[in-house]
Amino acid sequence: MATSVEQILASYNDAAPLAEAATIPGPWYVDSRIAELERQTVFSKSWQMIGRIDQLEKPGQFLRATVAGEPLVAVRGNDGVLRAFYNVCRHHAAAVVTEPCGVAQILHCPYHGWNYGLDGALKGMPEFDGVKNFDRQQNGLVPVRVETWEKFVFVNLDPQAAPLREFLGGIVGRVAPLEVIKLHYFASKTYNIACNWKVFVDNYLDGGYHVPHLHKGLNSVLDYKQYTIENEDRYCLQSSPMVASNEDAATGATRKGDRAWYFWQYPNLMINCYAGYMDTNLVLPVDTDHCTVIFDFYFSDVSDAAQEYNAQSLAVGDRVQDEDLGICEDVQRGLKSRAYGAGRLSVRREAGEQLFHRLLAADLKGGLETTAAAAD
């Protein structure tokens, strides 16, 4: 007999203390019904980062995105207000905005030529004379909630969701002293990984457990024994003192400062900070076996004189991600094995991973109950 979604969710004990806790079981990573439930209850209801404020600073600047399978567009109006909409024409559902980003005076649907203002209002419909009982004011682009924090733009598909800063909670106060607002965007890189999105998050949240074994260069500049893990609200902060090292010249030259700061914000955003440097990692589910991770890199100096140094820093990051990519794909294969059910957690290292699993379980179990109640 096939296992139900209810049985899969019930197989994880989210009330167990860390010393007795296990990970979420293998089926949570490989069952397409769980992936669909995540789309409905996690990604459709949480604040999702879609880009940077500098991409949407001037009137007419727009940015296209996809969240929980929904096509979206954010745009700065001529009145200076930042808005977001479903990127779906009200006529025959074509994408109104087809470029990833840019500047526009009007949002023009390429299918039948319907035009929308930067405020989403329907401005014109070619050859629509004679159509009766049509209210132009009711046929503008459908709005989506959009807010900003630090250098980032977030959207939420849920009209009833709490404001962004309430969702972020304590991470707002922890990030502020690092003054990341003073850093400048330098470059982006996208990784397509053959693993479930949760595998990548688990790997990030293992409290540095894998660092001495998998990341020799990074390990050489971290005081691993003093690595700390702090959980609060919907975020985990992993942090480590930095040490001088000659073991890996490139890592030592580009990962500087007194301390490394690694923030994870539920469900899928990471912010990594060193002195004069930050990168963000946005983990996007594709299907049960694949995810896309978008890295944005920031530096205190992005002048021509700093180009070589910044490129070297990106190369160090690329090497670390290549190391993670291989192990994450290997884990995804193992999760499907009949030899694996669930794993135990390290009390010293994996408190952040347990926080992730508990938050996810609360959303999925709550979402399933809501769906069941609506069906009654």
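The values are calculated or read from the model by the stated rules, or taken from the named source; none is laboratory data. Every value quoted in this text rests on a predicted model; they were computed, and no experiment measured them. Positions of Cβ are backbone-derived with ideal geometry, glycine not excepted, and every protein chain shown enters the neighbour counts. Heavy atoms of the whole protein, side chains included, go into the accessibility calculation; ligands, DNA and RNA do not. Shrake-Rupley method; radii C 1.70, N 1.55, O 1.52, S 1.80 Å.
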| task | Hey, can you tell me all the residues within segment 86-113 that are open to solvent by less than 20 Å² (accessible area, probe 1.4 Å), farther than 26 Å from VAL293 by Cβ and not small (Gly, Ala, Ser)? | result | CYS89, VAL96, LEU107, CYS109
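Can you say whether ALA10 is open to solvent by 20 Å² or more (accessible area, probe 1.4 Å), at positive phi and free of Cβ contacts under 8 Å to residues at least 12 places away in the same chain, as far as the supplied structure shows?
Details: open to solvent by 20 Å² or more (accessible area, probe 1.4 Å): yes; at positive phi: no; free of Cβ contacts under 8 Å to residues at least 12 places away in the same chain: yes.
For ALA10, the condition - open to solvent by 20 Å² or more (accessible area, probe 1.4 Å), at positive phi and free of Cβ contacts under 8 Å to residues at least 12 places away in the same chain - is not met.
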| query | Assuming GLN321 fulfils every condition listed in (1) among the polar types (S, T, N, Q); (2) at pLDDT below 95; (3) in contact with a Ser or Thr (Cβ under 9 Å, 6 or more places away or on another chain) apart from one, which condition is it? | reply | (3)
| request: Taking the residues in segment 295-334 that are free of Cβ contacts under 8 Å to residues at least 40 places away in the same chain and of a type in the set (S, T, N, Q) as candidates, determine which candidate is farthest from LEU178 (Cα to Cα). | output: GLN307
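Return the residue satisfying two criteria in turn: it lies in segment 71-82 and is under 10 Å from LEU56 (Cβ atoms) and touching a residue at least 60 places away in the same chain (Cβ under 8 Å), and of such residues it is least open to solvent (accessible area, probe 1.4 Å). Talk me through it step by step, then tell me what you get.
We begin by selecting, within segment 71-82, every residue under 10 Å from LEU56 (Cβ atoms); these are 74-76, 82.
Restricting the remaining residues to those that are touching a residue at least 60 places away in the same chain (Cβ under 8 Å) gives 74, 82.
On the way: ALA74: 0, LEU82: 27 Å².
Taking the candidates together, the pick is ALA74.
Does ARG344 meet the test of being in contact (Cβ under 8 Å) with a residue 60 or more places away in the chain, among the basic types (Lys, Arg) and crowded, with 16+ Cβ neighbours inside 10 Å?
Taking the combined requirement at face value, the residue does not satisfy it.
Whether any residue in segment 196-206 is in a helix (DSSP H, G or I) and open to solvent by 50 Å² or more (accessible area, probe 1.4 Å) is what I want to check. Quick ask: steps written out before the conclusion?
Kept after step one, since they are in a helix (DSSP H, G or I), are these residues of segment 196-206: 197-204.
Now restrict to residues that are open to solvent by 50 Å² or more (accessible area, probe 1.4 Å): none.
The answer is no; no qualifying residue exists.
Has segment 133-142 got any residue that is among the acidic types (Asp, Glu), open to solvent by 30 Å² or more (accessible area, probe 1.4 Å) and more than 30 Å from SER300 (Cα to Cα)? Please lay out each step first, then the result.
Looking only at segment 133-142, we keep the residues that are among the acidic types (Asp, Glu), and these are 135.
This time we only want the ones that are open to solvent by 30 Å² or more (accessible area, probe 1.4 Å), so: 135.
Still in the list and also more than 30 Å from SER300 (Cα to Cα): 135.
Within segment 133-142 (the criterion being among the acidic types (Asp, Glu), open to solvent by 30 Å² or more (accessible area, probe 1.4 Å) and more than 30 Å from SER300 (Cα to Cα)), the answer is yes, since at least one residue qualifies.
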